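Here is the structure we will look at, set down as structure tokens.
The values are calculated or read from the model by the stated rules, or taken from the named source; none is laboratory data. Bear in mind that the values here come from a model prediction, so they are computed numbers and not experimental data. All Cβ positions, even for glycine, are placed from backbone atoms using ideal geometry, and neighbour counts span all protein chains on display. Heavy atoms of the whole protein, side chains included, go into the accessibility calculation; ligands, DNA and RNA do not. Shrake-Rupley method; radii C 1.70, N 1.55, O 1.52, S 1.80 Å.
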Amino acid sequence: MRVFLACFFYLICCCHAPAQDILSSILGSPLADSDKVVKLLAAAQKYEGRNSDSEKIYVDTARYLAIRAKYVTGNIRVDGFYSSIYEDEGKYDISLKYALEAMRMAEKKGVKKLIAKSANNVAIVYYDLKAYDTALNYFNMELNQYSEIHDTIGTIKVLNNMGAAYINEKNYEEGMKCYQKGLAMSLALHDSNLLSAFYTNIGRIYTERKEYEQGLFYGLEAYRIAASRKDYYTLASVATNIGFIYKEQKNYDSALKYFQKTDSIAAFQQNDNLLLLAFQNICSTFYRKKSIDSAYRYLCLYDSLQQKVYNAESSKQIADMQTKYNTQKKEQAIILLTTERKHQQAVIYFIFALSALLLAFIWFIYRSYRQKKKINIELDVKNRKLSEANAVIAEKNKDITDSINYAKLIQNARLPDKAIITKHLPNHFILYKPKDIVSGDFYFFHKKETAIDLAAADCTGHVVPGAMMSMIGSEKLEYAVHNASEPAKILGILNTEIRDALKQSEIPNTSHDGMDVALCRIDTSNGIVHFSGANRPLWITKNLQKGVINEIKPDKLSIGGFTPADQQFGQHEVKPDPGDTFYIFSDGFADTFNGKSGKKLTTKRFRNLILSMQDVPFNEQEHFLDNFIEDWKAGAEQTDDILVIGVRV
């Protein structure tokens, strides 16, 4: 056994030259086996999370010595290391097995600190598996152990982990309690590292809850501490969060200042993924600021860097495969040294026999191959060309999809902020379901003094063409509401602007693209609703008259396309009673096909659906419509963009 152990350690050292001196020094020292275990695990800890192969060398050796010395504490710690190694590699079943075994031994030994650390290993695995309730049970067990032995640092760290688990469960109240308690304890210790972490996490909770002033306070504190410690990783993360808050507050200059700090840190650290995030944030902020040239410049930088990252990742995957191959060869060499001589001979005889059979088989295949050589060469050439073409198509598809995804960000930036709509129309919902990534439907909101303009628009086309029309339509509608005060005149101006933008008046046989619109102007001083529609109606359900929908019909004309430039649109005036609800919508909901029968929903069924849901609480109607249309599709592809807006008076 001693000879075997010496050979085993020798081979490990040869396979991992950087570990040779340290390992040889520890094993050659006159220390007891238990002391060697402690030193080996201390050496392993230097590689934790960075190089699992080197870490395993020390842990494997420590395991052998701990078992030989019957050193229980060493075995507990070794199993804890194995749990961490396999957790880093994503092998959660193996990691959990070691963590639970370490915890069983620790509880049997009765050492609270070892119990706490073992409970932490179990909790982390369940956290990675997103089983947050189970993770919290083990975090609480860890917390109790640390509290009993008055381990302040251990208590603070587990509070931070518990806060993260609660946040992932969307339980912000409990998460905040953990973070606030951890912050108070960190302040007492004057530990800047812990303070930075808690200020960062508390700031993110406030940001998530849109309490931006509080989020900004904690974010700036975290930034100040991280800057004093030159903690660039935390600086970049916090700067990004601060920039987001300023952007949401429409303080675009301050947002750019912090996003550009992230840019500088990412460039300094040569962190391409962080740099991509910085470019994306700067681009979207310039776009909101309407600095289109600057936004486009950063979009170009983003696209260029993304291509570079893709190429680098491909090279890394190839290198990782080679490393894995080399590691497997070394492991096989270790196994061969530990195999008995008789077994080795049996394996060699088997290999010889298998090789003979393989040679016979190869000879037979080669003989057949020569007969079909010409056909196979031609087929190989065709397959190679097909593979190259498929690779080009896949890359092009990825580029297109990435561009469309970014177009979605720009399109969403043009949509009204739902929080602003809710402020002025507390009882409303907007069901907005694009057919694809981007949409040809859009909704519009504008508030001026006592007038609120609300519109649902359905543009020609889907995906990119529809999205481009929606961007033009949204911009022109915003122009129209600033230049007219009545819905009919607004639609008239919008019609003229769309025709001019698409040159439908100047160039013969040009496109006939346009859009259908339902536009309401709500006078908040007297409750009167003024309505004009281009192919889209207004439906009103009465609170005191069940089972009836009053329909205000639109003009049977679209905006743009074949509609004359001087077209005058009709206007209607209604005064809803308290509790009445009005709906405007595109044709997408009614035109959705059933996944089983292949039939359309139709406007008639949609009308009956609106009537049937009047007993549904208004704040649940959006969810009701969304569930209904998903059930109706029954897994079939959505064929049109869907937009439904409801407002209760």
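Which of the following residues is touching a residue at least 60 places away in the same chain (Cβ under 8 Å), farther than 25 Å from Ala99 by Cβ and loosely packed, with under 15 Cβ neighbours inside 10 Å: Lys170, Lys210? Spell out the reasoning first.
Values: Lys170 fails: touching a residue at least 60 places away in the same chain (Cβ under 8 Å).
One residue alone meets the criteria, Lys210.
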Leu386 passes all but one of (1) open to solvent by less than 80 Å² (accessible area, probe 1.4 Å); (2) at pLDDT 75 or above; (3) not in a strand (DSSP E or B); which number fails?
(1)
Could you run through the range 419-446 and say how many residues are among the charged types (D, E, K, R) and either open to solvent by less than 20 Å² (accessible area, probe 1.4 Å) or under 18 Å from Leu494 (Cα atoms) (or both)?
1
Filter the range 449-484 for residues that are at pLDDT 90 or above and among the polar types (S, T, N, Q); which is surrounded by the most Cβ atoms within 10 Å (Cβ to Cβ)?
Ser474
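Condition check ((1) modelled with pLDDT of 70 or more; (2) open to solvent by 80 Å² or more (accessible area, probe 1.4 Å)) across all residues:
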site	(1), (2)
Asn271	yes, no
Ile282	yes, no
Tyr287	yes, no
Tyr296	yes, yes
Met321	no, yes
Leu337	no, yes
Arg341	no, yes
Gln344	no, no
Phe352	no, yes
Name the residue, out of Glu87, Glu101, that is open to solvent by 60 Å² or more (accessible area, probe 1.4 Å) and touching a residue at least 12 places away in the same chain (Cβ under 8 Å).
Glu101
Condition (residue is over 29 Å from Trp632 (Cα atoms) and among the charged types (D, E, K, R)) applied to the range 578-592: is it met by at least one residue?
no
Strands (runs of 3 or more DSSP E) contained entirely in the range 540-607, each with at least 2 residues that are open to solvent by less than 60 Å² (accessible area, probe 1.4 Å):
545-552, 581-585
Those residues of the range 515-529 which are open to solvent by less than 40 Å² (accessible area, probe 1.4 Å) and not hydrophobic (A, V, I, L, M, F, W, C), in sequence order:
Asp516, Arg521, Asp523, Gly527
Could you list, ordered by first residue, the pairs with Cβ atoms under 9 Å in which the first is in the range 596-618 and over 24 Å from Arg648 (Cα atoms) and the second is part of a helix (DSSP H, G or I) and open to solvent by 40 Å² or more (accessible area, probe 1.4 Å), at least 6 apart or interchain?
Leu601/Trp632
Criterion violated by Asn509 - all others in (1) at pLDDT 90 or above; (2) open to solvent by 20 Å² or more (accessible area, probe 1.4 Å) satisfied:
(1)
Among the residues of the range 452-469, are any more than 18 Å from Asp513 (Cβ to Cβ), part of a loop (DSSP other than H, G, I, E, B) and of a type in the set (Asp, Glu)?
no
Keeping to the range 633-649, report how many residues are out of contact with any helix residue (DSSP H, G or I) (no Cβ under 9 Å at 6 or more places or on another chain) and either surrounded by 15 or more Cβ atoms within 10 Å (Cβ to Cβ) or not in a loop (DSSP other than H, G, I, E, B) (or both).
6
If we scan the range 272-292, do we find a residue that is over 21 Å from the mean Cα position of the chain (by Cα) and closer than 30 Å to Tyr172 by Cα?
yes
Find the residue count for the range 173-201, including only residues that are buried (at least 16 other Cβ atoms within 10 Å of the Cβ) and either closer than 10 Å to Asn160 by Cα or within 28 Å of the chain's Cα centre (by Cα) (or both).
15
Identify all residues within the range 63-84 that are among the β-branched types (Val, Ile, Thr) and open to solvent by 20 Å² or more (accessible area, probe 1.4 Å); write none if there are none.
Ile67, Val72, Thr73
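Sort through Tyr199, Tyr258 and tell me the only one that's part of a helix (DSSP H, G or I), under 22 Å from Thr285 (Cα atoms) and of a type in the set (Ser, Thr, Tyr).
Numbers: Tyr199 fails: under 22 Å from Thr285 (Cα atoms).
After ruling out the rest, the residue left standing is Tyr258.
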